[in-house]
Amino acid sequence: MAKPRVFVSSTYYDLKHIRADIERFVHDLGYDAVLNEKGHIAYGSSDRLQEYCFKEIGHCDILVSIIGGRYGSSSDSEYSVSNKELMTALEQGKQVYIFIDSAVSTEYKTYTANKDVSGINYQAVDNVKVYEFLEEVYALPKNNTIHDFGSAEDITAFLKEQLAGLFQRLLNDESKKREINLIQKLSETSETLNQLVEYLVNEKQDSQKAINAILTTNHPIYSEVQRQAKIPFRVFFETGDELATMLNTLGFHKLKKDDFDAKPNYSSWKFPDDPSKGIRISHQIFDMNDGSGNKLKLITPIEWKSEYVEVDDIIPF
């Protein structure tokens, strides 16, 4: 089963003990901690090392940013490496928790009152850019979680409460999602019936052909594939071959029949942005022997089964 991955972002030398405490806390929760000094990031030879840190954030679910008194190493941008890690996570919409050293947070108030005064030597930071970056953090439009800390225990206690709340909200969202899916299916069924009634009232000839066309147009597989594969537009296909072409074009990677993660009587694809997840389409909804590219069988929303389209975890190798 895939575990949540938590990226720990901060300068290293002044906060290495806190980083170690956070790593232990994350492991105790059963999550995977990602720290660059522990070799958790796979570095290549084509880019600078910091670029691989930024790319790794895309494969993580949560970023914990710890801001202390050191500015840290510079990157190719206007930010330090640790600052850029935080901004990258925010740009990607990751769940972010920001912790600021209490001494830095206290002196930041002095900075905001005197930032136009030159020649001030601040005691809590080694570079005034730390405070300049904090200005950007506090000005971010999103409601990001920012909390002061005096010790690692302050961080872990706060994270424990936040992650518990996050899990509780997830359960509520899943419950609401099931209700929305039910309403959507009822709406689709109603639309199909309305079209059938309208046709039967107004047309008397070649009725079966028209009914089949209506059922095909409103086939429940279209909305299921769009929702499960997270495709941002409506989809349409009439054969298994057309479905495969569409998913391949969108970057999904089809598994071979003898692949370890393949499932009997299903066609399986890996998600383009997350190879650890796969979408599986049952062969039961296609006429596998029709000789015309595995034509889609006519299935009404009432006859539809959730097992026809599945999304589950795939073990990456």
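Laboratory data are not the source of any read-out in this text; all were calculated from the coordinates shown. Values in this document were obtained by computation on a predicted structure and should not be read as measured data. Here the Cβ is made from the backbone with ideal geometry for all residues, glycine too, and neighbour counts use every protein chain on show.
Structure above, values below:
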| read-out | value |
| --- | --- |
| Mean Cβ count within 10 Å, highest first, over the residues of peptides 112-124, 18-30 | 18-30, 112-124 |
| Ranked S105, S276, S82, criterion: other C-beta atoms within 10 Å, fewest first | S276, S105, S82 |
| Amide hydrogen neighbours beyond the local backbone of Q95, cut-off 5 Å, H modeled | L63 |
| In sequence order, calculated HN-Hα J values of region 103-108 (Karplus, 6.51, -1.76, 1.60; Hz; x Gly/Pro) | 5, 5, 4, 5, 6, 4 |
| Gyration tensor verdict on region 210-313 (Cα atoms; rounded if a/c is under 1.5, prolate if a/b is larger than b/c, oblate otherwise) | prolate |
| Residue exposure sequence - K256, K55 - by fewest surrounding Cβ within 10 Å | K256, K55 |
| In region 246-317, the GluC sites (Glu not before Pro) that fall in loop regions by DSSP, at most 11 other Cβ within 10 Å | E303 |
| Diffusion coefficient, µm² s⁻¹, Stokes-Einstein with Kirkwood Rh over alpha-carbon pairs of region 5-172 at 10 °C and 1.306 mPa s | 95 µm²/s |
| Under 15 Å from K263, Cα to Cα: aspartates and glutamates that are on another chain or at least 8 residues apart | E307, E310, D312, D313 |
| For Y13, Y79, order by how many other beta-carbon atoms lie within 10 Å, fewest first | Y13, Y79 |
| In sequence order, calculated HN-Hα J values of region 86-99 (Karplus, 6.51, -1.76, 1.60; Hz; x Gly/Pro) | 5, 5, 4, 4, 5, 4, 8, x, 6, 6, 10, 10, 10, 10 |
| Amide H contacts of Y266 (H built 1.01 Å from N, under 5 Å, at least 5 apart or other chain) | H283 |
| Whichever aspartates and glutamates have a C-alpha closer than 13 Å to that of K84, once near sequence neighbours (fewer than 8 apart) are set aside | E51, E56, D76, E136 |
| For region 72-130, fraction of C-alpha pairs farther apart than 14 Å, in % | 64 percent |
